[in-house]
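Readers should treat all values here as calculations from the given coordinates under stated rules, not as data from a laboratory. Just so it is clear, the model here is predicted, and its values are computed rather than measured. Note that we place each Cβ from the backbone using ideal geometry, even for glycine, and neighbour counts take in every protein chain shown.
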């Protein structure tokens with residue numbers, strides 16, 4: 001059985017869920033959950049004022065339904081619970097996340113997997129899957145864990161990323177990997193890659209494109225396939241290493257992050 | 001008891017508690033797998049002086065390995081977890097990291113861990129990259145053919161070492177036939193290895209020696225050339241003895257391998273010079289695991 005939270009009509013007010021620890025819900029009563037304090041607009045209210053709370057807390061699983069786009073900060077400091085969101089979410093999904101899984105069956109706002117205010121590092125474990133699009137600063141200061149965005153994401157992807165893995169269904173957006181130190185970005189779309197590569201070289205922030213390492217490619221491909229299962233339709237395959245190249249950077253900060261780009265074999269992209 | 005007219009002595013094999021691990025070694029092709037595994041398992045016949053008893057458990061098809069390349073499973077046994085922790089990184093660093101195209105992975109789950117990439121990563125001199133995928137941590141160490149990829153660590157588990165049986169024949173040819181049939185049959189079994197060269201040893205040993213510092217020495221009771229001057233266990237027509245030593249992940253695996261080996265040996269050389277099957281023990285006082293031949297073969 002799963003704990004089910006259905007968002008009631010909240011008007012225009014946004015609901016800040018960053019103080020909600022879903023891990024603490026496991027094994028507690030529904031009444032206790034309803035009494036949890038959250039912020040709606042500029043008011044402190046009980047969770048039961050904004051959500052219809054049903055289901056069971058016996059398992060570390062939770063479903064969010066209804067007007068979920070009004071929610072910010074879902075999954076803050078999440079450790080081991082699996083949260084499925086039947087809709088879109090606002091900003092700061094999975095901030096300071098340490099484990100567990102967030103599966104958003106819609107789109108999300110900015111700062112997925114980032115740090116909360118004043119914190120140095122963002123997400124440190126677990127997995128976030130966005131079935132739709134994401135806003136700016138996906139994986140900002142990401143420390144560990146993985147973020148999947150099936151659709152497009154806004155600028156400043158993986159800014160100041162420390163480690164971890166981000167898989168996106170689009171081409172690298174503006175200012176991707178700025179200040180990136182380590183970690184991996186995998187960009188599935190081959191759109192714009194040929195236009196992008198010469199500019200990457202000019203900026204001197206990333207290395208020239210080079211082949212992807214064979215064994216890592218195999219491990220990564222197998223892992224991506226496991227995560228995607230058969231639900232990741234419409235995306236090209238990661239199976240063939242020859243379809244991919246990678247860049248290393250951000251050289252400006254002495255980074256060793258890598259960006260895997262889909263490179264058509266017949267495109268004639270220069271490979272080091 | 002007789003199998004294919006070969007008498008089976010009413011005695012038991014005495015085996016010991018050991019610590020074991022399994023490694024999965026892969027490479028770009030079968031040749032690199034074999035060459036790397038040969039190096040990794042070299043000088044790994046006996047814990048008496050090698051530190052480890054280590055051998056290839058079986059070859060793995062690309063479908064069976066974590067990276068979809070040809071590979072093999074290697075089992076290693078040591079007298080203690082500490083010794084295993086010392087030997088595995090050392091052998092992996094010198095024999096697998098150095099071999100072109102190879103990668104190495106954990107082949108067993110468990111709480112107690114043996115370091116792989118955890119220590120080998122320092123070879124990367126700061127250029128190594130850690131990657132956690134699906135709950136497993138990998139280290140990517142830049143090398144001259146690209147990257148050496150290895151898992152952070154592997155598990156160690158309690159195991160059994162020193163299961164054995166002795167094939168006694170009228171000549172070397174007959175025990176060679178018996179020995180090769182036995183080892184070939186055991187090779188197909190999971191969870192066991194026969195760590196000696198060709199799976200057999202001619203230097204069955206007893207504990208201690210007349211010389212100080214020798215922890216083991218020749219077992220004169222089974223040396224045909226000493227018959228008549230020592231308390232020999234060999235009769236007049238028994239001129240050659242070979243011993244198959246078996247290490248296994250469980251006592252059941254060792255017993256199964258002993259049974260499989262003895263049956264194969266008797267089938268191959270019974271009536272063709274194989275005169276007797278017996279087993280090595282130390283009176284039952286040293287090893288916790290006893291494998292009575294008649295029970296194992298019942």
Item to complete: Would you please state the base-10 log of I(q)/I(0) at q = 0.15, 0.18, 0.19, 0.22 1/Å for segment B:60-198, with intensities from the Debye formula using one equal scatterer on every alpha carbon?
Response: -0.85, -1.09, -1.18, -1.42
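Against the empirical 2.2 N^0.38 Å scaling, what ratio does the C-alpha Rg of the protein assembly as shown come to?
On the way: Rg = 30.7 Å, N = 570, 2.2 N^0.38 = 24.5 Å.
The reported ratio for this selection is 1.25.
Ratio of Rg to Rh for chain A, alpha carbon only, Kirkwood? Mind showing how you got there, number by number?
Values: Rg = 19.3 Å, Rh = 19.0 Å.
Over the Cα atoms of chain A, Rg/Rh equals 1.02.
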Worksheet, complete the sentence: Highest mean packing first, using Cβ neighbours within 10 angstrom, the peptides A:106-112, B:134-140 sort as A:106-112, B:134-140
Item to complete: For chain A, set up a Gaussian network in which alpha carbons nearer than 10 Å are linked by springs, and say which option among A:143, A:21, A:262 fluctuates the most.
Response: A:21
Practice prompt. Sorted from largest down, give the three principal axis spans of the alpha carbons of segment B:10-101, whole angstrom values.
Written response: 45, 31, 18
Worksheet entry | Principal semi-axes in Å for segment A:100-143 [√(5λ), Cα gyration tensor, largest first] | 18, 12, 7
Worksheet, complete the sentence: Computed over all unlike Cα pairs, the Kirkwood hydrodynamic radius of segment B:132-173 in Å stands at 15.3 Å
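Got a sec? How would B:125, A:16 order by Cβ neighbour count within 10 Å, fewest to most? Write down the numbers at each step before the final one.
Numbers: B:125 9, A:16 21.
By the 10 Å Cβ count, ascending, the order reads B:125, A:16.
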Discussion item. Connecting C-alpha atoms closer than 10 Å in a GNM of chain A, tell me which of A:172, A:213, A:60 has the biggest fluctuation.
Written reply: A:213
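Out of all DSSP beta bridges in chain A, what portion is antiparallel? Express it as a percent rounded to 5. Mind dumping the intermediate values first?
On the way: 20 of 57 bridges.
Taking every DSSP beta bridge with both residues in chain A, the antiparallel ones total about 35 percent.
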Discussion item. Across segment A:101-192, what fraction of all alpha-carbon pairs, as a whole percent, falls in each successive 5 Å bin from zero upward?
Written reply: 4, 17, 29, 29, 16, 4, 1, 0
Worksheet, complete the sentence: Taking every residue of A:221-228, the Cβ atoms of other protein chains inside 10 Å of its Cβ average out to 2
Worksheet item: Based on the Cα atoms of chain B, what semi-axes does the equivalent ellipsoid have, where each is the square root of 5 times one gyration tensor eigenvalue, given in whole Å with the largest first?
Response: 39, 19, 16
Response to the item:
Expressed to one decimal in nm², the mean projection of the alpha carbon convex hull of segment A:1-79 is 4.5 nm²
Discussion item. Which one, A:88, A:76, A:29, has the greatest fluctuation when you compute a Gaussian network model over chain A with C-alpha springs under 10 angstrom?
Written reply: A:29
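Give the percent of DSSP beta bridges with both residues in chain B that are antiparallel, rounded to the nearest 5. Numbers along the way, then the final one.
Working: 64 of 69 bridges.
Of the beta bridges lying entirely in chain B, close to 95 percent run antiparallel.
Can you work out D for segment A:138-224 in µm² s⁻¹ from Stokes-Einstein, where Rh is the Kirkwood radius over C-alpha pairs, the temperature is 25 °C and the viscosity is 0.890 mPa s?
Numbers: Rh = 13.4 Å.
Value of D from the Cα-based Kirkwood radius: 184 µm²/s.
Based on other C-beta atoms within 10 Å, arrange A:136, B:113 from fewest to most.
Values: A:136 19, B:113 16.
Ascending number of Cβ neighbours within 10 Å: B:113, A:136.
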Response to the item:
Working note, segment B:183-298: Cα radius of gyration (Å, one decimal) and Dmax (Å, whole number) are 15.0, 43
